[in-house]
Every structure is written in structure tokens, then in C-alpha cells.
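Okay, so here's the structure we're looking at.
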Amino acid sequence: MIDALNHLPRPRAGADQLAEAFSDLAPPLTARQAAVESARCLYCFDAPCVNACPSEIDIPSFIHRISDDNLQGAAERILSANILGGSCARVCPTEILCQQACVRNNAQECAPVLIGQLQRYAIDNAGFTQHPFQRSPATGKRIAVVGAGPAGLSCAHRLAMHGHEVVVFEAQEKPGGLNEYGIARYKLVDDYAQREVEFLLGIGGIEIRYAQRLGANLTLTELHQQYHAVFLGLGLNAVRQLGLPDEDAPGLLAATDYIRELRQADDLSRVPLADRCLVLGAGNTAIDMAVQMSRLGARDVNVVYRRGIAEMGATAHEQDIAKHDQVRLHTWARPDAVLLDDQGRVRGMRFARTQPVAGVLHDTGETFELAADAIFKAIGQRFDEASLSDPLAAQLARDGERIRVDAQLRTSLAGVYAGGDCTALGQDLTVQAVQHGKLAAEAIHAQLMLNVEAA
Amino acid sequence: MADLSIVFAGIKAPNPFWLASAPPTDKAYNVVRAFEAGWGGVVWKTLGEDPAAVNVSSRYSAHYGANRVVQGINNIELITDRSLEINLREITQVKKDWPDRALIVSLMVPCVEASWKFILPLVEATGADGIELNFGCPHGMPERGMGAAVGQVPEYVEQVTRWCKTYCSLPVIVKLTPNITDIRQSARAAHRGGADAVSLINTINSITSVDLDRMVAHPIVGDQSTHGGYCGSAVKPIALNMVAEIARDPQTRGLPICGIGGIGNWRDAAEFIALGSGAVQVCTAAMLHGFRIVEDMKDGLSRWMDQHGHSSLEAFRGLAVGHTTDWKYLDINYKSIAHIDQDACIGCGRCHIACEDTSHQAIASTVKPDGTHLYSVIEEECVGCNLCQITCPVENCIDMQAQDTGKPYLNWTQDPRNPYREAS
């Protein structure tokens, strides 16, 4: 477990009680619920929900198929656009995507159709006896995919479908990326992330090699030489720093590190409990961190954000979850100093109150302190510079720190494509990464086949 | 509250809501519960000669809409499977206990004068208010020369009606089968035979669905099925048309009509009455929801009548008949155009795709700056077909607005474009 927190106590509740607290946030629909809900879909034409879906799933069609008692057809409709449709159904912020756009999302129509839940229902109950997609005849082309997260896996699947051979290089011990290591436990329960990858690999033609880290034991130069094309789905693996003294003190760590451990823990009663918990940030990761600590039994969980509610990255739905779990939100407060006890461990944090002046954040001069057994940083992820340190990788054009790509996910280097959070294109969402992977695969396929025809 | 009482073909009832001859009126227990619930009358399930009919197990199947809403029920049940003696005894007692309610006895015996001559006095002796001749049952009985086998032959209808008028002093209501090509032929025959009224429609030949695993239609009896009689909400449009056809037929003008077919609420009933019905019969809705629905029907109908100044059913009965005509008399110069209320529009695009793919390409889809769509009518292309209004999920969002063309009434018989027009 995390060394920085080993001095903390463990949850008071038993394993069963904790398992219950971390069960499905949104339980699966029953057949009856799915029948009622699917019948509510108006089968819109040029549907706003589809336009709002980063992965362009034909939502009216798959819901219509659920209503028609054709669950396999529904699932195939979803998966043909988004091979990770099962996890997206669980982790997508539908409240700002498809369900936000649903024509029934207003007072007159009562409520949006529960698109995410229906998507999960279709995929969970499709009952495929074999992988639903067939591979095209082998092309003899080999493609390297770096990162077995949503972008890389989506890219690999689509490439394999087109008849290419794919080798995926993954730094961790398991595939799945953020689905495996970064999503709140109650949003993606049990071993679903692994089962989904297993399903995806069912198409064949994809080999995953683990403990392969770009910039450590792998270089873009080698991959570029050895494969017909390379796709980079690196994610954002570094954590932003507060820039305060004592930032490395025991008790202060990245929320993503704790969430990773929590997701991997077999026994939740053995993870460290920060009874008084401070989370810095205002995105969905901050909420995930705070709510999970609260569900472990923490008595005093606080999220502190330097700006106001309106600027928070977390959706209203996420904020509601936090409130339901008795998480307190503090706004307009900036971390000012890490407070340590006489053993050098975190005992709290001093904050400077802030206010916007013509859009720029200023200190008011007022400060306050909050006691804490642990402080979790959820102030954003950064690009891991070490991954692009070899001579070829260093040439990649960047937008800020992220890799620059065009609409076809091409980087500035011929034959090298990139997608997902490591690029600046679109939103930092699982569903967006899946779309990038899919589009990159189509672009790679088109390019490679063009060369074949020309030859 | 408006007065719902009626006198239909000489039969008095406190309200026009009668239960049709069917399982809900099979025996005293059900009928008493119906009267307790407030039904104005019942038509007792069809009596026949002894020995009584025998029914199979598995008798109904349904056609469903979204969310298992039953659009229609199909049944393969026969007439009463209880003895004539038990039924007559119960009818006598019920009528004695409920003198203010209409109690009609449905009958079906072979198309032989002696059979009718035998049963009619027995029925009259019960004190019942009238008889209804079941010439419509489409399954089981036609094979025995009864039910629809009689109803489909106007001469038989006329003959049996005449026997009934001869051997019985009660009002005779002839129930018509819709399984024919022109309902007016049967109604005219009943009228010629001296019928006091007609009631319609009986059930329509049907198969509701097929079990694709067992490859057998519903309802399944063992590993077989048969066609049955269809009723419920889905048949209402067919019934309304047949009622209107008879109501506006000069040969049967004034013949009382008891409307039957998919009546599930007060509005359905009011529509049948507007097309000339003097009473209505209900079955499927009661079978789906229980007898309690009659309270809502009575309440809704009285309130609507109050709001529209109708003090009795006669005040609005038949008011829609005069507006029902043959296609050739419709005004060719009438023009309406769809108008979309943009404030009510939810942007589903259904009107657009329906018009674009299957009609007149008269609804444009344009993307607004915020990415949502604006759907607007191209007036010069719109033919006023109503399809967009039908497909729109929001009531009153699309309004078909009559246009002032400045042209006079002109029907097809007068239209110069009609090569067969009648010379003026």
C-alpha cells in the first residue's frame, strides 16, 4: 500500500459493509425498467444525443432495438461505434453529453431518456457466444500501439478488424488504463475493466506486452523503424505540483495514486483511512477521491477549490454525489502552506482566501487552517515528459505540453499517430479517447492501404 | 351534472354505458358486481340451446403497443358454457334485484324457426328488457351454422329478425358482424326484418401474433391455434366507420344504433354518440381494468356535456353524422398548411424525416448557431396531409391552419379536372 499513508488507521467498517458502500453507484436496469425506458425514446432523426456523443453511437437505433427485444443487435450497434461501450456506459458524464442533449431533458418531457443505463443494459445482456466483429483478410501490416488505455485499445481493435497485426506496449501490469486504475470504484465495479478488455481482444490479432514504458525500456525511434505505423495513447501520467515546501511529506499525495490503490485493493478494510481528509481541486477526480474516502468511513471530508462553484470542473451530477456523501465544498481558497506535526507528517493545511479581480485570482489577505490526516492533490494531470525523451520522440510537435495532432490524429511525424488525453484534441474523457483510437485506426488503415494500392 | 339517462329502442337505463355480451356478463356474480359499480346495463353473455357449448383452455391473446399497452384482444371463447336453465334463473333474479338497469339477453340458436320459437318465450319470462341477436361471433359457432354464418347473409338476418319479432314482444337488437364488405347490407336486412335497433361491431377475425419459437399462433391450445375475434382499442376506427355508414344511410335512417368497439373512456363513447349511437357497449376496457372504469366514464362524459351545454345525450347525438360524407363531396378548394410552434418544438426531427422520406419534402431542417436544429415548414410545398402533426410527439406543437384561398366550395363532381363529372 501507499507508504505515505501507512501511519494512518484502517476503516472501522467490515469488508462486507465496505463492499456494499462501493457497489454500483447506478445499479443495472432490470428487463422491465429497460422496456419502460427504451419505449420513452422518441427515435429522433438527426438526433441531438448522437451529435453530443464523442464516439458517435447511433443511440436512437440501439434503443429502438432494445425496445424490439433485439439486445444483440443493440449491443452490436453500440460496439461498432465504440468498442468500449460497456465502460463508457458506466463512466461517461452522460449528464453533459447524450442525456444533456436528449429532447426529453426538460420539464415538459419530465426527464431525459436514461441512455447510459440502457447502453449498459444492452451490452451486459447481449449474450454474445462469439466476438461480434470479424477480421478482414490479413494485410501483413504490423502496427505498434503504445498504451493499453481506452485510446490504445480502441485503436488496436479497429486495426485488428481491418486485418492488421497489432502489438500493444503497456507500462503497467494490466491493460485498461484509467478504466483499470483511475475510475472511482463504485462507477466501474468488480473486474469489469478486465473482462471488457478480454472481450475486446476476442477479435484476435492483438498482442499486449506489459511493463513496456516509452522513454524507459522502449523508444519511439525503435517502434518507428520496426512497425508500419505507431499509435501513441500515452495518457497523462504526471501529477501537477502545488509548488509548496513539504509537498513530499507523509500524508500528502496525488489523488490518482490513492484511487489506483483503492481500485486494486482486494480488501477495502485494509486501505489507509484519512478520517480528516482534504482534497485539493474541483474536477471529477477530486469528487471521486472525496466520495470514496467518505464511503470508507472518513468523518470529515473537505474539497477545497481556489475558485467558485461555477468554475468547478466536476459536473452538477458529481457535485450532488459529493453532497449526498456529506463531502464539504470550500471555494475561493488557495493552498498556502502544508502544516506538519512534530514527526514531520501532514497535520493540516493553511489556505489563503481568494477573490477574482477582473478575472484574475487575487489573495484577500485572509487565511485559515483546516486539520487533516491526509491531503490529496487532484489539481490535474500533466504530460510525462520522460516518455518522449528519445531523439525521434523529441521532434514531435506539441500544443503546450501535449502532442499536436490533426483531425485524422496524425502527429507531425509521418507514420506516427496519437490520441486520447496525451493530445490536445477534444475533451479529456474515456469516450473521447475511444473515438480518437477509432479514428486514428481508420486513418492508419487508409494510409497503409493507399500505399499497398500504389505499390 | 348532465343527465346521462337514456331510452334506447324502448329500453330505459340510467346511463348509456352497457357491458357487451362477453365473459364479464357470463353469470350473476359478475353482472351484480357490474351493477354495483354503476354500469347502466348489461347484455348477458349469449345463451344457446342445451347442451351448452364447451370451451377450450387458453382463450385470449393480445396485440401490444409500447410498454405492454394492450391495443387489442383476440378471443376464441364460445357462447355460454352453462346450461340454459341456470342462466335463465339467474337473469330472472338479477333483473328483479336491479329493476332500474337495462338487462338484455344475447341469443344464438340454429337458423331454424322452431329453435327461436322455443327459446324466445323462456327469455321473455325472465323479465329481461330486450334481446340481442348474436349474428357476429366469428369463431366456433359459424361451423355450426350460427353466429357470423348468419350475419354474413342478409336474407338470414332478415328472416331470423322477423321470427324474433313474431315470437317475442321484447325490443330486438341485431348485433352485426364486421366480417363483411358492406355493413349497410346487414343493417338494411335487420331493418327490413323489423329490428328495433342494431348493435355493432362484433369482433373481427384475427390472429394477434405468432410464437416464433414454437411456430404457432396465439392463443396456443396444445400445439395448435385458430383465428379468433379481435376487439379493444385497435378496432375503434373500424367500428366508428361502420356506425357512421349506417347512421347516414337513407335506408336505415332513424334505426337506433348501439355502438361497440374499443370504447375505453368517455371520449370514445362521446364519439360513438356523435356519430349516431344511442347507447354504447364496453367489454375489453373492463376486462383490462375491472368494472370501476365506468365511474370515470360517467364522470368524464357528464362534465364534458356540462361544459358544452348538452343537457342530455340526445342533445348531441348524431351531430357529426351530417359532416360525414362521401369523398366526392369534399371541398377540393380547401387548403391547410402545417404550422410549427417553435416554442413547443423539442427538436426531435420526426416531422422532418417523415415529410422528407415519405411525403412532400415540405419541412426544412437547418442547423442553428448553437448546434440544435430548426424545423420549419416550406409553405409552398406543404399539401396539408397532417403527417407531421401525427408524427410529432408534442400535442399541439404542429397546427394545421386553414388557408383563405378565396376560392368557393367545389367538389369532385363539379371539378373541371374530373373527366367523369356530372353535367351541371
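Quick rundown of the values:
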read-out: Residue ID - farthest from B:Ala286 (Cα to Cα), chosen from residues in region B:26-53 that are over 18 Å from the mean Cα position of the chain (by Cα) and among the β-branched types (Val, Ile, Thr); value: B:Thr46
read-out: Pair list, Cβ under 6 Å, 6 or more apart: region B:388-408 residue more than 14 Å from chain A (Cβ to nearest Cβ), other residue surrounded by fewer than 19 Cβ atoms within 10 Å (Cβ to Cβ) and of a type in the set (D, E, K, R); value: B:Gln403/B:Lys335; B:Thr405/B:Lys335
read-out: From B:Ser302, B:Ser376, residue being among the small types (Gly, Ala, Ser) and in contact with a strand residue (DSSP E or B) (Cβ under 6 Å, 6 or more places away or on another chain); value: B:Ser376
read-out: Residue among B:Arg89, B:Arg33, B:Arg59 that alone is free of Cβ contacts under 8 Å to residues at least 12 places away in the same chain, of a type in the set (Lys, Arg) and away from chain A (no Cβ under 14 Å); value: B:Arg89
read-out: Residue check, A:Ala211 surrounded by 17 or more Cβ atoms within 10 Å (Cβ to Cβ) and not hydroxyl-bearing (Ser, Thr, Tyr); value: no
read-out: Some residue of region B:311-327 being among the aliphatic types (A, V, I, L, M) and touching a Phe, Trp or Tyr at 6+ places or on another chain (Cβ under 9 Å); value: no
read-out: Filter result for B:Lys335 (of a type in the set (Lys, Arg), out of contact with any helix residue (DSSP H, G or I) (no Cβ under 7 Å at 6 or more places or on another chain) and farther than 29 Å from B:Glu271 by Cβ); value: no
read-out: Within region B:60-91, tally of residues that are closer than 16 Å to B:Val43 by Cα and crowded, with 17+ Cβ neighbours inside 10 Å; value: 8
read-out: Flag if B:Gln361 is under 30 Å from A:Asn106 (Cα atoms), loosely packed, with under 14 Cβ neighbours inside 10 Å and not β-branched (Val, Ile, Thr); value: yes
read-out: Conditions (1) within 11 Å of chain B (Cβ to nearest Cβ); (2) touching a Leu at 6+ places or on another chain (Cβ under 8 Å); number of the one not met by A:Cys44; value: (2)
read-out: In region B:10-53, the residues that are in contact with a Lys or Arg (Cβ under 8 Å, 6 or more places away or on another chain), closer than 18 Å to B:Asp81 by Cβ and part of a loop (DSSP other than H, G, I, E, B); value: B:Ser21, B:Ala22, B:Asp26, B:Lys27, B:Ala52
read-out: Tally, over region A:8-36, of residues that are assigned to a helix (DSSP H, G or I) and more than 10 Å from chain B (Cβ to nearest Cβ); value: 10
read-out: Residue ID - nearest to the other protein chains (Cβ to nearest Cβ), chosen from residues in region B:358-375 that are touching a residue at least 24 places away in the same chain (Cβ under 8 Å) and among the β-branched types (Val, Ile, Thr); value: B:Thr372
read-out: Qualifying positions in region A:369-401 - assigned to a strand (DSSP E or B) and touching a residue at least 60 places away in the same chain (Cβ under 8 Å); value: A:Leu370, A:Ala371, A:Ala374, A:Ile375, A:Phe376, A:Lys377, A:Gln381, A:Arg382
read-out: All strands (runs of 3 or more DSSP E) inside region A:190-256 with 2 or more residues being under 30 Å from A:Ile375 (Cα atoms); value: A:252-254
read-out: Lone unmet requirement of (1) within 19 Å of the chain's Cα centre (by Cα); (2) free of Cβ contacts under 8 Å to residues at least 24 places away in the same chain for B:Lys175; value: (2)
read-out: Any hit, region A:46-65, residues being without any contact (Cβ under 8 Å) to a residue 40 or more places away in the chain, out of contact with any strand residue (DSSP E or B) (no Cβ under 8 Å at 6 or more places or on another chain) and either of a type in the set (Asp, Glu) or under 30 Å from A:Arg299 (Cα atoms) (or both); value: yes
read-out: Subset of region B:156-167 (residues that are over 15 Å from B:Arg184 (Cβ atoms) and under 24 Å from the mean Cα position of the chain (by Cα)); value: B:Tyr156, B:Val160, B:Thr161
read-out: Scan of region A:37-64 for residues that are part of a loop (DSSP other than H, G, I, E, B), of a type outside the set (Gly, Ala, Ser) and more than 24 Å from the chain's Cα centre (by Cα), ordered by number; value: A:Cys41, A:Leu42, A:Tyr43, A:Cys44, A:Phe45, A:Asp46
read-out: Selection within region A:54-64 - within 13 Å of chain B (Cβ to nearest Cβ) and either basic (Lys, Arg) or buried (at least 19 other Cβ atoms within 10 Å of the Cβ) (or both); value: A:Ile59, A:Pro60, A:Ile63
read-out: Region A:310-328, subset among the charged types (D, E, K, R) and farther than 14 Å from A:Met293 by Cβ, residue surrounded by the most Cβ atoms within 10 Å (Cβ to Cβ); value: A:Glu318
read-out: Elements of type strands (runs of 3 or more DSSP E) in region B:143-229, at least 2 residues being in contact with a Phe, Trp or Tyr (Cβ under 7 Å, 6 or more places away or on another chain); value: B:172-175, B:204-206
read-out: Any hit, region A:166-175, residues being within 30 Å of A:His224 (Cβ to Cβ), crowded, with 19+ Cβ neighbours inside 10 Å and within 15 Å of the chain's Cα centre (by Cα); value: yes
read-out: Among the candidates B:Thr92, B:Thr126, B:Thr80, residue that is out of contact with any Phe, Trp or Tyr (no Cβ under 8 Å at 6 or more places or on another chain) and farther than 22 Å from B:Lys175 by Cα; value: B:Thr92
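A quick yes/no check of all residues on (1) surrounded by fewer than 19 Cβ atoms within 10 Å (Cβ to Cβ); (2) under 30 Å from A:Ile287 (Cα atoms); (3) not assigned by TED's automatic domain parsing to the domain that holds A:Pro391:
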{"position": "A:Arg185", "(1), (2), (3)": "no, yes, no"}
{"position": "A:Asp190", "(1), (2), (3)": "yes, yes, no"}
{"position": "A:Ala193", "(1), (2), (3)": "no, yes, no"}
{"position": "A:Gly202", "(1), (2), (3)": "yes, no, no"}
{"position": "A:Glu207", "(1), (2), (3)": "yes, no, no"}
{"position": "A:Gly215", "(1), (2), (3)": "yes, no, no"}
{"position": "A:Thr221", "(1), (2), (3)": "yes, no, no"}
{"position": "A:Gln226", "(1), (2), (3)": "yes, no, no"}
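The values are calculated or read from the model by the stated rules, or taken from the named source; none is laboratory data. Nothing here was measured: the structure is a model prediction, and the numbers come from that model. Please note: Cβ atoms are built from the backbone with ideal geometry, for glycine as well, and neighbour counts cover all protein chains shown.
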